[in-house]
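Remarks on the structure that follows.
The values are calculated or read from the model by the stated rules, or taken from the named source; none is laboratory data. Everything numeric in this text was worked out from a predicted model, so none of it was measured. We place every Cβ from the backbone using ideal geometry, glycine too, and count neighbours over all the protein chains shown.
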Amino acid sequence: MPRFIAVFVLVFSLGSVWGQQSQEGTAATTRTRIGGESYWYNEGFGRLRNLTEEDGKTLGEFRGHYGFVPFWISNEERDDSQAKAKAKGYKQMVKDMIAWLKDSNKEAKGYATKRLTELTGESFESPAEWQPWYQRHASELVWSDGKHKFITERKEK
């Protein structure tokens, strides 16, 4: 019995580290607090819905593995002043979409190709060309809010 209690306490403690929980709204929906990078990663994939603003926070839901998960993020963390988080989230999303190109599902490949072209301005004949391109330019990719896509910023040596 003591082992069970120790495991429960450990799991509960880790849960509070991975995602803080809070009660939001009149229905007392439990919402997970997410960070800026996670917000922009999910936004890039089109996984966010039911977004509202309330008391300096953005409330909404993101699509998880088993359905939609209620979340909240402070507007300060979400806003464009958090360009680093936005760029990191989008960059991780681009990397994951390139992996989708290896999928046999034509719909997933088509969506990934379309979204990669929108976010980078690049277009390739073959899905296999994306990975070498990303490896060459990953460190040079800078998010441009004005263009709503990545631009390549060559670093002078």
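All of (1) in contact (Cβ under 8 Å) with a residue 24 or more places away in the chain; (2) among the charged types (D, E, K, R); (3) assigned by TED's automatic domain parsing to the domain that holds Glu140; (4) surrounded by 14 or more Cβ atoms within 10 Å (Cβ to Cβ) hold for Glu37 with one exception: (3).
Which of the residues spanning the range 48-65 are at pLDDT 90 or above and out of contact with any helix residue (DSSP H, G or I) (no Cβ under 7 Å at 6 or more places or on another chain)? Within the range 48-65, Arg49, Asn50, Leu51, Thr52, Glu54, Asp55, Leu59, Gly60, Glu61, Arg63 qualify. When the criteria are applied in full, Glu118 meets the requirement of being touching a strand residue (DSSP E or B) at 6+ places or on another chain (Cβ under 7 Å) and either surrounded by fewer than 15 Cβ atoms within 10 Å (Cβ to Cβ) or within 26 Å of Gly36 (Cβ to Cβ) (or both).
Of the candidates Arg136, Arg115, Arg78, the single residue that is without any contact (Cβ under 8 Å) to a residue 24 or more places away in the chain and of a type in the set (Lys, Arg) is Arg136.
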